[in-house]
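Inspection log for the structure reproduced underneath, given as structure tokens.
The values are calculated or read from the model by the stated rules, or taken from the named source; none is laboratory data. A quick note: this is a predicted structure, and the numbers were derived from the prediction, not measured. Cβ atoms come from the backbone with ideal geometry, glycine included; neighbour counts cover every protein chain shown.
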Amino acid sequence: MSATRSALPRQALVFLAFGLVQLALDTAIYVGLTAAGLPVATGNVAGRIAGACLGFWLNGRYTFAEGGKTRLQRRHLLRFILAWCALTVMSTYLLASIVTGTSLQISWFAKPLVEAVMAAIGFVVWRQWVYR
């Protein structure tokens with residue numbers, strides 16, 4: 001078994017742990033800003049930016065580091081930004097659709113579920129492309 005393959009369970013577990021911290025931060029900002037009257041898109045992007053800043057550093061420093069070597073170079077950041085933008089567009093669209101179809105308050109409860117889907121997609125993208 002290759003070193004990369006054997007790292008997968010550890011990476012998945014650490015990614016999940018860091019993701020829960022990011023999710024709490026992201027959701028708190030989203031709920032707070034939208035409850036204060038900001039548009040869904042603004043609240044979602046602001047929350048995701050806060051989570052992304054924390055997540056890029058944590059995942060590059062710990063989750064996907066190899067042999068004590070971090071993955072925080074410029075190329076990693078550029079790939080991260082591109083992937084993050086795509087996931088943020090999807091997340092924002094889903095939350096706006098939920099608000100349109102139901103209510104803002106329902107979107108507050110749906111936010112963690114939407115972000116769980118984004119995290120599952122993100123794990124594959126981060127592991128296979130961003131932090132390579």
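The single condition from (1) more than 18 Å from GLU66 (Cα to Cα); (2) without any contact (Cβ under 8 Å) to a residue 60 or more places away in the chain that VAL14 fails is (1). Among residues of the stretch 91-103 being of a type in the set (Val, Ile, Thr) and surrounded by 15 or more Cβ atoms within 10 Å (Cβ to Cβ), the one that is nearest to GLY37 (Cα to Cα) is VAL99.
Restricting the stretch 25-38 to residues that are assigned to a helix (DSSP H, G or I) and among the aliphatic types (A, V, I, L, M) leaves a set whose member that is farthest from the chain's Cα centre (by Cα) is ALA35.
Taking the criterion of being more than 18 Å from CYS53 (Cβ to Cβ) and among the basic types (Lys, Arg), no residue of the stretch 76-110 qualifies.
Residues in the stretch 21-32 that are hydrophobic (A, V, I, L, M, F, W, C) and either exposed (fewer than 12 other Cβ atoms within 10 Å of the Cβ) or touching a helix residue (DSSP H, G or I) at 6+ places or on another chain (Cβ under 8 Å) (or both) were compared, and the one that is farthest from VAL125 (Cα to Cα) is VAL31. Counting only residues that are buried (at least 21 other Cβ atoms within 10 Å of the Cβ) and in contact with a Gly (Cβ under 9 Å, 6 or more places away or on another chain), the stretch 104-118 holds 2 of them. The C-beta contact set for the stretch 68-91 (first residue over 18 Å from ILE121 (Cβ atoms), second residue in a helix (DSSP H, G or I) and basic (Lys, Arg), distance under 7 angstrom, 6+ apart or interchain) comprises THR70/ARG61; LEU72/ARG61.
Taking ALA52, is it modelled with pLDDT under 95, surrounded by 14 or more Cβ atoms within 10 Å (Cβ to Cβ), more than 18 Å from the chain's Cα centre (by Cα) and not hydroxyl-bearing (Ser, Thr, Tyr)? It is false that ALA52 is modelled with pLDDT under 95, surrounded by 14 or more Cβ atoms within 10 Å (Cβ to Cβ), more than 18 Å from the chain's Cα centre (by Cα) and not hydroxyl-bearing (Ser, Thr, Tyr).
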